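Here is the structure we will look at, set down as structure tokens.
The values are calculated or read from the model by the stated rules, or taken from the named source; none is laboratory data. A quick note: this is a predicted structure, and the numbers were derived from the prediction, not measured. Note that each Cβ is placed from the backbone with ideal geometry, even for glycine, and that neighbours are counted across all protein chains shown. What goes into the accessible areas is simple: the full protein's heavy atoms, side chains included, and nothing from ligands, DNA or RNA. Shrake-Rupley method; radii C 1.70, N 1.55, O 1.52, S 1.80 Å.
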Amino acid sequence: MKQSRTFIPTMREVPSDADVKSHQLLLRAGFIRQNTSGIYSFLPLGKKVLQKVETIIREEMEAIEAVEVFMPAMQQAELWQETGRWYSYGPELFRMTDRHKREFALGATHEEVITSLVRDEVKSYKKLPLTMFQIQTKFRDEQRPRFGLLRGREFIMKDAYSFHATEESLDEKYQEMMQAYTNIFTRLGLDFRAVMADGGSIGGTDTHEFMALSDIGEDTIAYSDSSSYAANIEMAEVNVNYEKLDEALREVEKVATPDQKTISEVASYLNVDATRLIKTLIFKTDDELIAVLCRGDHEINDIKLKNVLGASEVEFAAEGDVTELLSCGVGSIGPVKLPLDLKVIADHSVASIVNGVCGANEDGFHLTNVNPERDFAVDRYEDLRFILEGDASPDGKGTIKFAKGIELGHIFKLGTTYSEPMGGTFLDENGRSKPYIMGCYGIGVSRILAAVAEQFNDEYGLKWPKKIAPFDVHLIAVNLKDESQKELADELYSVLKSYRYDVLYDDRPERAGVKFADSDLIGLPIRITIGKRASEGIVEIKFRQTGETAEWQKEELTEKLQAFFTAE
Ligand code: 9G3
């Protein structure tokens, strides 16, 4: 492609509203443009990377017998009403009505649509398993779209859905998807981890996320420094043996702690370690208030709490509810003498506290020498806290470390979560009607561009991995007014095209400096510069990943390029 004939609007200055490197560079290098908040256009370079990413995904999906479909974005509300999600999802789900006032959801995902398709056609176990996928635009009215393609409101997803007659069949496909995803992210050249994750409101059992390691990632990964254990911190189990101090139990004492509300304030005021404090929080679950206890130096993991309670949502009780319940502020709550009908659930660590400190349920006072079971009852002990760096790894091997990650893939075992309410059933070999057992598998295709840009850049610009670079070669003629340069550049352009290289030929009447700066910004794997030694048939080579340069004879060009592009 001749650069003078395409649309690559590069920018020198850093766009003010772009706050992460990937967003700044994808804008500056002319890959994308923002239309409005969370909504982007892919310009020629961006579209070419998307196509190469989609090709790799299609190859790996087809390799595990997933067949491609394309479903509508417009989804009749009735389908979402069948699963109840029309009512459980709020403003994040774009909704609209047609000219006849019929209601629609703008596709945020396609579980309902694919299940409605399959239930009308697949009636027998003989037609199972069946896996279908699409690469299609999704719409989610995110509260705070940010970081460009990393969190948009209109984005491209590969979403796959599988239908099975048995759990074993789903387990098998789930493992195949794990491997296919591993192949995809490896071929993209990404530094990623597959981590155990939480199914969230999607339900189902097992679920894994594929995280591109990045300090700007919104997710935190807890991984072992000496095993393959890795989990999203949301669901990382804590499997620690808390040693109980061998101390004589002392009498509970009420002490004045004027204006000491936070854990660190009370700990320093009473000169006790935060590990001695019993943090007491009042949560509101679907239908009741509940007291939740953990050690002062720990944080309650609300996702674990939701799963342990089997609630659809849990949140901190409002200050007003707490004052009404306990006639004190949230900073003074303690587990002693709580209302008998208030359920008390505690993290395992609380059981090992001896002569602890807690709120007196009276503003300005705390209790010391408080001992679980002697001074307050706990209905159940559970794993309720966020794992911490330094904790023992739950698999018993090594210590936990944290890393930040960008979620690029998420796979779920859905079971019958959708087939049941939607009447998606088949007849098994005994003629009995059963709901499909399902799985679903997503990849954030447009988000991949940003993740790769986060992992492959330097102060000069982007550095695309060979397999997904928008072009293979950037061919630059320093001075097209110089006959020998023009001649050699045109010759090499047609030679390289004849060898099926994707060439971006910078034939613009621009100063060499501008061409070089744009070339570094755009970040194609290899740059071939035709300059002062053109008459000798010698060209300058620059490898973008390493910055290394070389001089090649034009005769050896294709052979050396072959070696470069076939090298792993
Ligand atoms: C919604 C809205 C946002 C959503 C969903 C529904 C996330 C929703 C989870 C999934 C699960 C899998 C198939 C591909 C892989 C992921 N955000 N999810 O269902 F209405 Cl507004 O999408 N779906």
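Below, the figures for the structure above:
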{"read-out": "Kirkwood Rh in Å, taken over all unlike Cα pairs in the stretch 419-496", "value": "18.4 Å"}
{"read-out": "Spherically averaged projected area of the stretch 268-403 from its Cα convex hull (nm²)", "value": "9.2 nm²"}
{"read-out": "At R0 = 41 Å, FRET efficiency that the Cβ-Cβ distance of Thr186 and Phe94 yields, to 0.05", "value": "0.75"}
{"read-out": "Inter-label distance for Glu82 and Glu168, nm, one decimal - labels placed 7 Å from Cα along Cα-to-Cβ", "value": "3.0 nm"}
{"read-out": "For the stretch 431-568, alpha-carbon Rg relative to the globular expectation (2.2 N^0.38 Å, N residues)", "value": "1.40"}
{"read-out": "Per-pair calculated FRET efficiency, R0 = 51 Å: Ser37 and Glu362 via Cβ, rounded to 0.05", "value": "0.60"}
{"read-out": "Percentage relative contact order, the stretch 162-259, counting C-alpha pairs under 8 Å, at least six apart", "value": "19 percent"}
{"read-out": "Backbone N within the stretch 377-394 under 13 Å of label point (7 Å from Thr275 Cα along the Cβ vector)", "value": "391-392"}
{"read-out": "Segment Glu568-Glu389, length gained on full extension (0.36 nm per residue, minus Cα span)", "value": "60.9 nm"}
{"read-out": "Quotient of C-alpha Rg and 2.2 N^0.38 Å, computed over the stretch 109-204", "value": "1.28"}
{"read-out": "For the stretch 490-534, the fraction of alpha-carbon pairs in successive 10 Å shells from zero, as %", "value": "22, 56, 22"}
{"read-out": "For Asp219, distant residues with modelled amide H under 5 Å away", "value": "Gly405, Glu407"}
{"read-out": "The chain, relative contact order in percent, only Cα pairs under 8 angstrom and at least six apart counted", "value": "17 percent"}
{"read-out": "Within the chain: Cβ-based charge dipole about Cα centre, in debye rounded to nearest 20 (Lys, Arg +1; Asp, Glu -1)", "value": "2140 debye"}
{"read-out": "Calculated diffusion of the chain, Stokes-Einstein form, Kirkwood radius summed over Cα pairs, 4 °C and 1.567 mPa s, µm²/s", "value": "47 µm²/s"}
{"read-out": "Where a label projected 7 Å from the Cα of Ser124 along Cα→Cβ would reach, residues of the stretch 57-74 with amide N under 14 Å", "value": "none"}
{"read-out": "Gyration tensor (alpha-carbon) shape descriptor, the stretch 366-410, a/c threshold 1.5", "value": "prolate"}
{"read-out": "In degrees, nearest ten, helix 445-455 long axis to first principal axis of the chain (Cα)", "value": "90 degrees"}
{"read-out": "Amide H contacts under 5 Å for Ile39, placed H, 5+ residues apart", "value": "Arg153"}
{"read-out": "Sequence ranges 96-102, 538-544, ranked by mean other-Cβ count within 10 angstrom, highest first", "value": "538-544, 96-102"}
{"read-out": "Signed unit charges on C-beta, dipole axis of the stretch 471-566, positive-most listed residue Thr558, Leu475, Gln485", "value": "Leu475"}
{"read-out": "The chain, accessible surface, carbon-and-sulfur percent (1.4 angstrom probe)", "value": "50 percent"}
{"read-out": "Simple spin-label estimate for Ile538 and Asp321 in nanometres, 7 Å along Cα-Cβ", "value": "7.7 nm"}
{"read-out": "Helix axis angle, 512-522 relative to the chain longest principal axis, alpha carbon, degrees", "value": "40 degrees"}
{"read-out": "Local electrostatic count, Glu251, Cβ distance below 12 Å [Lys/Arg +1, Asp/Glu -1]", "value": "+1"}
{"read-out": "Packing rank of 553-565, 77-89, 410-422, 322-334, where each peptide gets the mean count of other beta carbons within 10 Å, highest leading", "value": "410-422, 322-334, 77-89, 553-565"}
{"read-out": "Inter-probe distance in nm under a simple model that places probes 7 Å from Cα toward Cβ, at Tyr460 and Thr262", "value": "4.6 nm"}
{"read-out": "Distance violations [Cα-Cα > 25 Å] among Lys467/Lys542; Lys126/Lys413; Lys158/Lys401; Lys261/Lys343; Lys52/Lys560; Lys304/Lys434", "value": "Lys158/Lys401; Lys304/Lys434"}
{"read-out": "Per-residue ³J(HN,Hα) for the stretch 391-400, Karplus 6.51 cos²θ - 1.76 cosθ + 1.60, θ = phi - 60°, Hz, x for Gly and Pro", "value": "4, 5, 5, x, 7, x, 10, x, 10, 7"}
{"read-out": "Label point 7 Å beyond Cα of Gln51 along Cβ direction - residues of the stretch 457-487 with amide nitrogen under 11 Å", "value": "470-471"}
{"read-out": "Per-peptide average of other Cβ atoms within 10 Å, ordering 499-505, 461-467 highest first", "value": "461-467, 499-505"}
{"read-out": "In order through the stretch 71-81: 3J(HN,Hα) via Karplus (6.51 cos²θ - 1.76 cosθ + 1.60), integer Hz, x for Gly, Pro", "value": "9, x, 6, 6, 10, 4, 4, 4, 4, 6, 6"}
